[in-house]
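A quick write-up on the structure given underneath.
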Amino acid sequence: MELDTEPWWKLFDREETVGYMKKSGRFSFFSADGYGWSGTPKHADFAVREIPGRDQDNHRLFEGDVIVATWMGRQDTYLTLQDREGNSLIGSTGGVLVDVTPEEMRRDLSMERNLGNVFVSPGLKADFDKCIRKFQTRGKSFVLDKFLMSATVTATVLLGCVLQLRWLGGIGPILTIISLLVGIGLYLFTRKCAVQNWMTRGAIFAITPTVSATVALVVSTFFAILMQSPVNSTEPSIWLVVITLWITLFLLCFGAIPITAQFLGFYALDPTHKDTE
């Protein structure tokens, strides 16, 4: 009976690797070490699938494995991933993420040892944070989110300023900051409820710079107009106020967006293929 017509699965119980599974037709076979197989299921709460391609020594690689290896002549710690299109990728702790074919993997990769899997080890996942964020944003520009969030936060801050002028006769920093935080929280909460699995760390860090810069620009321009002085004024005091306000709003927004998203709960990295058998 040919058992290798299907990919292998690596089985985990909590953070520990407990064995492997492979299938032949309707039947599943299990092994503790990849050599002796039986039909007796192993207790496991999570499984990840083998990715196409092996290293120079014919070692199997599984989605999310973190390995100490030599790749293209460079020894380092690498993360193996697979996207939904079936492409295999190798990432480094420095954030580099490259597509690799099975032929390139067999030719250029030599694994020394396996350190674990990012899907069950929070520590390993943290080591590859930059790489994972790049993986989560591959092929996505988030143009709509950048526009909608900029508009939502800007409108909330400006509304807060207008209400302060009407009810209090002036604009205070505390209420303005509260308006900013309300706008950020409103957008992220609504977007997360409307679109499942959208709010990843990669998505948040992709939109944060644009939203922060846009909100800071519009609001600082609004304040310059309120000061009854044109934005292109040559008076140093006006420029100083506008620039200081822009920097302050940018930094506030830049810090508040990921912190709010963290509080609301990022969508965790999830394997392309998983099994709970």
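Derivation of every value follows stated rules applied to the coordinates shown; laboratory data play no part. All of these numbers come straight from a predicted model, not from anything done at the bench. Neighbour counts are summed over all protein chains in view; Cβ atoms, including those assigned to glycine, are modelled from backbone coordinates with ideal geometry.
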Report summary line: For segment 129-277 the mean separation of alpha carbon contacts under 8 Å (6+ apart) over residue count, i.e. relative contact order in percent, is 30 percent
Query raised in the report: Here are several values of log10 I(q)/I(0) by the Debye sum over Cα atoms at q = 0.07, 0.08, 0.10, 0.15 Å⁻¹: [x] -0.29, -0.37, -0.55, -1.12; [y] -0.21, -0.28, -0.44, -1.09; [z] -0.40, -0.49, -0.66, -1.06. Which one was derived from the coordinates shown?
Result: [z]
**Report entry** Computed label-point distance, nm, for sites residue 33 and residue 247 using a 7 Å Cα→Cβ extension
**Finding:** 6.4 nm
Requested in this report: Check segment 1-134 and count each lysine pair with an alpha-carbon distance under 21 angstrom, considering only pairs eight or more places apart or from different chains.
Outcome: 7
Requested in this report: Mind checking which of 206, 150, 21 is farthest towards the positive end of the chain's charge dipole, using Cβ charges of +1 (Lys, Arg) and -1 (Asp, Glu) about the Cα centre?
Outcome: 150
Report task. Measure out, as a whole number of angstrom, how far apart the alpha-carbon centroids of segment 129-169 and segment 246-277 sit. Result -> 14 Å
Query raised in the report: Which one of 152, 40, 137 has the biggest mean-square fluctuation once the chain is modelled by GNM with Cα springs under 10 Å?
Result: 40
Query raised in the report: Suppose R0 equals 25 Å; then what is the FRET efficiency for residue 15 and residue 273 from their Cβ-Cβ distance, rounded to the nearest 0.05?
Result: 0.80
